[in-house]
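To keep things clear, I will list the structure first and then write my remarks on it.
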Amino acid sequence: MPDADPDADLMLRFQGGDETAYAELVRRFQGRIVSLAYRYLGSSADAEDLAQEVFLRIYRARETYEPRARFSTWVHRITVNVSLNLIRGRKVRRHLNAAMPRSDGGDGGAVDFEDAGVVAPGDKVEKDELAQVLREILDGLPERQRIAILLNKYQGLSYEETAEAMEMSLSATKSLLTRARVKIKEQLEPYLTTGRAPERRDSSTRDS
């Protein structure tokens, strides 16, 4: 096991039959899992459902769990896998529904994230508009680039932790993040210079 990891210790206690240790893990991780899921899925209901699925997988893994990596990295890996499965399922449903007429107004469901450090505080309108632009840019990234950015920038995982969570090599993860940042910069620069939101681009659903 890596250096002292109190979360892994809790999981090992749970493995030994201490149900209160599991309850403590839920308390510690629920907020960050729901936050990551919401940023990725754009739906509070889906984020809550995803968190429940993640904790169910943690519960079921108590017999086989081995602290080979930090517990938080292991949890993020589970969250990534569940998120990607849900996103892919959504895309299948979206293709099936595309050919059918809709009587409702559709759903919003855009990821509502902010990068508070991008603009100076004080102009809420500009800040909200920039958050919208960033959200749309992030939504348009290939799924693996998008989740790498969310893990590294918004969840604060290191390159190494992001690589472990995504089950990729360190060099591949760094390359993925670099490509994501280049795309974000390319699409954000026109807005910063002209004030016009970038055109939405279709992108592939995968990026290795």
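For this structure, a couple of remarks:
- Single match in 136, 143, 164, 114 (criterion: at pLDDT below 75 and charged (D, E, K, R)): 114
- Test: residue in the stretch 83-91 that is touching a Ser or Thr at 6+ places or on another chain (Cβ under 7 Å), closer than 24 Å to residue 141 by Cβ and either surrounded by fewer than 20 Cβ atoms within 10 Å (Cβ to Cβ) or at pLDDT below 90 (or both): yes
- Taking every residue in the stretch 46-64 that is surrounded by 14 or more Cβ atoms within 10 Å (Cβ to Cβ) and pairing it with any residue that is in a helix (DSSP H, G or I) and among the polar types (S, T, N, Q), at least 6 positions away or on another chain, the pairs with Cβ-Cβ distances below 7 Å are 50/83; 51/30; 54/79; 62/15.
- Residues of the stretch 1-45 satisfying the condition of being among the acidic types (Asp, Glu) and loosely packed, with under 15 Cβ neighbours inside 10 Å: 3, 9, 18, 19
- Against the numbered list (1) in contact (Cβ under 8 Å) with a residue 24 or more places away in the chain; (2) at positive phi, residue 77 comes up short only at (2).
The values are calculated or read from the model by the stated rules, or taken from the named source; none is laboratory data. On a predicted model such as this, the values are computed, not experimentally measured, just so you know. Here the Cβ is made from the backbone with ideal geometry for all residues, glycine too, and neighbour counts use every protein chain on show.
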